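The next block holds one structure in the form of C-alpha cells; read it before the comments.
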Amino acid sequence: MGNHQSQSRDDLRICVVGPSKLFFSGITAYTICLANSLSKRNQVSVILLRKLLPRSLFPGREHVGKDQYSVDFAAGIDVYHGMDYNSPRSWLGAYRFLKEHRPDAIIMLWMFATSVIYPIKVSSPTLQRILMLNPMTPIIDSYRSLILEGKIPDIVTLSLPIGIAVAFFIIGWIWFHRSEYLFAEII
C-alpha cells in the first residue's frame, strides 16, 4: 500500500457547463439544479453559455432575455456568466475561469443537444431539423440503429459529419502548409 493522499468525495472541485438563463430551457434548469445539488458536498463552479445561437433560431425566442424564472444558483457557487459561441474574448475568459478554479471534473450538459439520451425520432419535425445541424447527431443515431436495431448506417445520413471532417482536414492541411516555414522560427 502506497502512502499517497487522495481527495475525499466532499471536496471535489467540479465545474458544470451549461446554458444561461438568457436562453432559458429545461437544460438551463437542470444545470442550475445539478450545480446546487453538487454544491452541498463539493466546491462547484459554473460556466454559462450566454449566446447559444442567433436569437431568431431559438424555439422560445419570445422569452429570450426575460428573467422570469425563480430557479437560481445557491450562494457560494462561483458563476462565469458569458461564454458566447461567437466571441473568442469570452472563450479566453472561460479559460481563465477554469484555470483559476482548477476543477477535478467538468460536466457538460450538451449531450442533450444530440440524440444521446433519446432517439431523434421522438422529437418534433422542427426540432429534428435543428438537432441534425449538430454533426454528432447522425453519428450517434447511426450507432443506435446499428446496436439496437441491427441496421447498417445510411451513407446519406452520415454525409454531413463526413463532409465536415473532410472540410476541416483540408482547411488544416492548407493552413499547415502555408505556415510550416514559421515553425522552425517559433520553436
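Ordering Asp84, Asp104, Asp141 by the number of other Cβ atoms within 10 Å of each residue's own Cβ, fewest first, gives Asp104, Asp84, Asp141. In terms of other Cβ atoms within 10 Å, His81, His101 run from fewest to most in the order His81, His101.
If you sort the three axes of the alpha carbon gyration tensor as a ≥ b ≥ c, you get a/c of 1.5 or more for the stretch 120-186 and a/b above b/c, which makes it prolate.
Taken together, the values in this text are just the output of simple stated rules run on the coordinates, not laboratory data. These numbers were taken from a predicted model, which means no experiment stands behind them. Because the Cβ atoms are built from the backbone with ideal geometry, glycine has one as well, and the counts that use them run over all protein chains shown.
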